[in-house]
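The values are calculated or read from the model by the stated rules, or taken from the named source; none is laboratory data. Everything numeric here is computed off the predicted structure, so don't read it as measured data. Please note: Cβ atoms are built from the backbone with ideal geometry, for glycine as well, and neighbour counts cover all protein chains shown. With ligands, DNA and RNA removed, areas are computed over all heavy atoms of the protein, side chains included. Shrake-Rupley method; radii C 1.70, N 1.55, O 1.52, S 1.80 Å.
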Amino acid sequence: MRIHIVGASGSGKTWLSKKLSNKYGVPAYALDDLFWDNSAGGYSKKREEEQRNHILRKILSQENWIIEGVQHTWATESFEKADKIYCLETPPLLCRFRILRRFLVRKCRGTNREGETLGSVLRLLKWTKKFYRVNFPEIRKMLDQYGEKVIYLKGKSQIRKHIS
């Protein structure tokens, strides 16, 4: 089982990957963990491209995997090797709400990531707006070549129906 999940920040990618991972006993990976060098504390330093690509190839060599992330330009091999591609078309306003809620919950619980500040969340909100305007149309166009293995899902209720 090889699944790639793509969508905006706050679209539900991580939630879906955890649900599928638990249901099928398949390891789940976040492309953010490959893209960012978290040893620097949070999402402030990009990982070297060669190292990132090596980690991705190692994951893709496994028999089963679930990969989730917004990244699409350097992760094309995972789209090609996936048996299913879930594209989450969560409404932009809902994504922005979830990003803010996630930040506030983490702050209140004291579980926020290193380097996660109100400023970083505001930058993520701004980036998410650009994602819907620029990146998401590119992703949809790119996914056309994968035909039947692409499943478009809008919102958590549609996702729940699909995976139950």
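Between Ser120 and Tyr24, take the C-beta separation as r, use R0 = 25 Å, and let me know the FRET efficiency to the nearest 0.05.
The computed FRET efficiency comes out at 0.15.
Under a model in which nothing but the beta-carbon of Lys, Arg (+1) and Asp, Glu (-1) is charged, the chain shows a dipole of about 940 debye around its Cα centre.
Any idea of the accessible area per residue across region 1-143, 1.4 Å probe, to the nearest Å²?
56
Once you list every other residue whose beta carbon is under 12 Å from the beta carbon of Glu138, what net charge do they have if Lys and Arg are +1 and Asp and Glu are -1?
Details: positive: Lys130, Arg133, Arg140, Lys141; negative: Asp144.
Local charge sum for Glu138: +3.
Under 5 Å from the amide H of Tyr29 lie the amide H atoms of Ile66, Ile67, Glu68, each residue being 5 or more positions distant or on a separate chain, with H modelled from the backbone and absent for Pro and chain starts.
Counting other Cβ atoms within 10 Å, keep those with at most 10, restrict to DSSP loop, and tell me which trypsin sites (Lys or Arg not before Pro) in region 60-164 are left. Provide the component values of the computation, followed by the final result.
Details: sites: Lys81, Lys84, Arg96, Arg98, Arg101, Arg102, Arg106, Lys107, Arg109, Arg113, Arg123, Lys126, Lys129, Lys130, Arg133, Arg140, Lys141, Lys149, Lys154, Lys156, Arg160, Lys161; in loops: Arg113, Lys154.
Of the trypsin sites (Lys or Arg not before Pro), not one in the loops of region 60-164 has a Cβ with at most 10 other Cβ atoms within 10 Å.
Taking the protein heavy atoms of the chain in the context of the full set of protein chains, the accessible area attributed to carbon and sulfur is 51 percent at 1.4 Å. For Trp36, the residues whose amide H sits under 5 Å from its own are Arg47, ignoring neighbours fewer than 5 places away on the same chain, with H placed 1.01 Å from N. The slack in the chain from Arg101 to Arg140, taken as 0.36 nm per residue of separation less the alpha-carbon distance, amounts to 11.3 nm. Residues whose amide H falls under 5 Å from that of Tyr152, counting only those 5 or more places apart or on a different chain, are Cys87, with hydrogens built in the peptide plane. Of Ser21, Ser61, Ser11, the residue with the greatest mean-square motion in the GNM of the chain, using alpha carbon springs below 10 Å, is Ser61. As a size descriptor, the averaged projected area of the C-alpha convex hull of region 1-148 was calculated at 9.0 nm². Listed values for region 68-74 are Karplus-derived 3J(HN,Hα) couplings in whole Hz (6.51 cos²θ - 1.76 cosθ + 1.60, θ = phi - 60°), namely 10, x, 7, 5, 9, 6, 9, and x replaces Gly and Pro.
For every helix of n ≥ 4 consecutive DSSP H residues, a contribution of -39,500 (n - 2.57) applies; sum these over the chain, divide by its total residues, and give [θ] at 222 nm rounded to the nearest 500 deg cm²/dmol.
Numbers: 8 runs with 83 residues, N = 164.
Theoretical 222 nm ellipticity from helices: -15000 deg cm²/dmol.
In the structure shown, do any of Lys18/Lys154; Lys46/Lys141; Lys45/Lys126; Lys129/Lys161; Lys81/Lys126 have a Cα-Cα gap over 21 Å, and if so which?
Values: Lys18/Lys154 18 Å; Lys46/Lys141 26 Å; Lys45/Lys126 19 Å; Lys129/Lys161 28 Å; Lys81/Lys126 32 Å.
Checking Cα-Cα distances, Lys46/Lys141; Lys129/Lys161; Lys81/Lys126 exceed 21 Å.
Within the chain, helices built from complete DSSP H runs that reach 24 Å or longer along their own axis (Cα positions) and carry a mean Kyte-Doolittle hydropathy of -1.0 or higher are 92-109. Charged neighbours of Ser17, selected by a Cβ distance under 13 Å, balance to +3 (K, R count +1; D, E count -1).
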